[in-house]
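Participant: I have a structure here, written as structure tokens, and I will follow up with some questions on it.
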Amino acid sequence: MVEFVKSHGLGNDYIVFDKTQINFPLTEKNIRLICDRNRGVGSDGILVLEKINNQEFKVRIFNPDGSEAEKSGNGIRILAKYIYDYKYTTEKEFFIYTLGGKVKASVIEEQNGRAKTIEVEMGKVTFRSSEIPVAGPEREVIDEELKINGEILKITCLSIGNPHCVFFVDEIDEEKIKSLGPKIENNPIFPNRINVQMVKVLDSNKIEIRIWERGAGYTLASGSSSCAAASAAYRKGLVNNQVEVIMPGGTLHIRINPDWSVNLIGPVEEVFKGELSEEMLYKLKD
Ligand SMILES: N[C@@H](CCC[C@H](N)C(=O)O)C(=O)O
């Protein structure tokens, strides 16, 4: 029997598995099938939890195209709720190891004994090209010109464990992020591909964004994208260090600390618990 929980952070949905229950290989084909919204459970990604002890956990984060991500802000918040709600820990604060570094998660609000709002210390932002990575000479990638579809975009790139490319606009245009997103994601200057954010600054504490996620496409919200968009805006002097990030799925709160570490706060909801069917498991083991 392979059980799972499906949850979302502002419409960015993930399936959580406990590593000890998984009896099929985590191949690209299998991840794609489980995330498929017609033939599988359907989600923006998969989280595989491993418990180390009462205060430390490990996670593997998969995108729906089968690739593995270093970090995910909503994924970590969803995992933290799962850890707390299903009593993998007795603590309200604990650590999670990701491929993109160690993060601290805190349950800051509960409802009926279940986590409702989670804060994550996401780690430090870097704008250095080799750390993102972005091809070319070593530099900070701030307001660089990138030609896409005959249009020159001014991009600011950074990593918060996973890579992001941010561009600023006067008006949000959904169609534009959907058409430029895949071209930027797969541009050869980004050897590991990249997550993309279109950002409109509303005032010194508020931005609105649209997201094209690496390996997932257009999503309603993204935690690491919110951190990236807020950090790029802060670096360019467009906002203060506390930023509300408005997305189609809802709002996340970001704080950028003096050492460029970033905190992310927002709600998480469980949608359902399930069990993969025998037929599905047969396919996954094939
Ligand atoms: N939805 C996420 C980001 C998930 C990983 C991303 N697609 C990547 O490949 O880096 C979030 O909430 O941060």
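Where a number appears in this text, it was derived from the coordinates with a stated rule and is not lab data. All of these numbers come straight from a predicted model, not from anything done at the bench. Every residue, glycine as well, gets a Cβ built from its backbone with ideal geometry; the counts of neighbours run over all protein chains shown.
Participant: Quick one: the Cα spread of the range 35-178 along its three principal axes, in angstroms, biggest first?
Facilitator: If we take the Cα atoms of the range 35-178, the spans are 53, 38, 29 Å.
Participant: With a 10 Å radius around each residue's Cβ, average the other Cβ atoms per peptide and rank 137-143, 181-187, highest first.
Facilitator: The densest-packed peptide leads the list: 181-187, 137-143.
Participant: Write down the radius of gyration of the range 173-227 and its Dmax, each obtained from C-alpha positions, in Å.
Facilitator: 11.5, 34
Participant: Next question. Within 10 Å, count the other beta carbons around each residue, average over each peptide in 165-177, 12-24, and list them highest first.
Facilitator: Numbers: 165-177: 16.3, 12-24: 18.8.
Result, highest mean first: 12-24, 165-177.
Participant: Suppose we look only past 37 Å in the calculated P(r) of the chain. What percent of the Cα-Cα pairs does that tail hold? The partial results should precede the final answer.
Facilitator: Numbers: 4419 of 40755 pairs.
Of all Cα-Cα distances in the chain, 11 percent exceed 37 Å.
Participant: Helix-only mean residue ellipticity at 222 nm, the chain, DSSP H runs n ≥ 4 weighted -39,500 (n - 2.57), per residue, nearest 500. What is it?
Facilitator: Numbers: 5 runs with 54 residues, N = 286.
It comes out at -5500 deg cm²/dmol, rounded to the nearest 500.
Participant: Given Cα pairs under 8 Å that are at least 6 residues apart, what percent is the relative contact order of the chain?
Facilitator: The normalised contact order for the chain reaches 20 percent.
Participant: Mind pulling up the Rg/Rh value for the range 200-276? Radius of gyration and Kirkwood radius, both on Cα. List each step's numbers first, then the result.
Facilitator: Working: Rg = 13.8 Å, Rh = 13.2 Å.
Result: Rg/Rh = 1.04.
Participant: OK, next. For the range 129-259, max minus min Cα coordinate along each principal axis, in Å, sorted largest first?
Facilitator: Principal-axis extents of the range 129-259 (Cα, largest first): 34, 33, 24 Å.
Participant: Across the range 188-202, in residue order, what do the Karplus-derived ³J(HN,Hα) couplings come to in whole Hz, using 6.51 cos²θ - 1.76 cosθ + 1.60 with θ = phi - 60° and x for Gly and Pro?
Facilitator: x, 6, 10, x, 9, 6, 7, 7, 10, 10, 9, 10, 10, 7, 8
Participant: Here's another thing I want to ask about it. Going highest first, how would you order 101-110, 40-49 by mean Cβ packing within 10 Å?
Facilitator: On the way: 101-110: 17.3, 40-49: 21.8.
Descending mean neighbour count gives 40-49, 101-110.
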